[in-house]
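Shown next, in structure tokens, is the structure this report addresses.
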Amino acid sequence: MVHPARLSEEDLRSQVEVERTRASGPGGQHRNRTETAIRLLHRPTGIRVGANERRSQKENLRMAWKRLRLQLALDYRRPLRDEDFLAPAAYQASPEWTSRLRKGRIQVNPDHADFPALLAEVLDLLHLYEDDLAKSAAALQTTTSQLVKFLSKEPKALAALNQRRQEAGQRPLR
């Protein structure tokens, strides 16, 4: 099963309800009289996002799709299957992940279109290995410090991991 953040644009669009509405606030008549605000609902998960900070509907739509992929990566965990329970050495990282690995370092800009899919892969592995950073890093052929550095590119992901670590009596990561 493919994580929804990793779906092709066409497949993701087939699962999403798009709503265009009027935005209030600064921006003048164009913003207040035209439907420039965008709301997206991913039907299978119930995850909603919106964008209304731009005067252009096209720009808001682009921003909303980007936010949806990121929110899916943050909030949706793939259901675990028996075949997922592999030793970290047997895990096959995605081609997107391995193409960005340079001597154990992951190189990706958080604004890149692949970032949500990569984040979803990391968060799914952390879920699988019960937040064991060493196992997750080994499966992804990187170090724990590189994994934490990657997670810090999305503050919500690192904050959620730190919350779980705190609940387990562990120190937070920086």
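The values are calculated or read from the model by the stated rules, or taken from the named source; none is laboratory data. No experiment lies behind these values; they were computed from the predicted model shown. Note: ideal-geometry Cβ built from the backbone for every residue, glycine included; neighbour counts use all protein chains shown.
With respect to L140, is the statement that it is out of contact with any Lys or Arg (no Cβ under 7 Å at 6 or more places or on another chain), over 19 Å from L72 (Cα atoms) and not small (G, A, S) true? So L140 passes the test.
Within segment 148-172, the set of residues being aliphatic (A, V, I, L, M), free of Cβ contacts under 8 Å to residues at least 40 places away in the same chain and either assigned to a loop (DSSP other than H, G, I, E, B) or buried (at least 19 other Cβ atoms within 10 Å of the Cβ) (or both) comprises L151, L161, A168. Screening segment 87-126 for residues that are over 21 Å from P155 (Cα atoms) and without any contact (Cβ under 8 Å) to a residue 12 or more places away in the chain and picking the one that is surrounded by the fewest Cβ atoms within 10 Å (Cβ to Cβ) gives K103.
When A73, A113, A51, A90 are checked against the criterion of being within 22 Å of P172 (Cβ to Cβ) and of a type in the set (A, V, I, L, M), A73 stands alone in meeting it. Taking the listed residues R55, R62, R48, R78, the one that is within 11 Å of V18 (Cα to Cα) and more than 12 Å from the chain's Cα centre (by Cα) is R48, with no other qualifying. Of all the criteria given as (1) under 22 Å from R43 (Cβ atoms); (2) in contact with a strand residue (DSSP E or B) (Cβ under 8 Å, 6 or more places away or on another chain); (3) basic (K, R), the one not satisfied by R100 is (1). Taken as a whole, the condition of being under 30 Å from T143 (Cβ atoms), at pLDDT below 95 and either in contact with a strand residue (DSSP E or B) (Cβ under 8 Å, 6 or more places away or on another chain) or not basic (K, R) (or both) does not apply to A117. Filtering K103, K149, K153 for residues that are closer than 25 Å to R62 by Cα and not polar (S, T, N, Q) leaves a single hit, K153.
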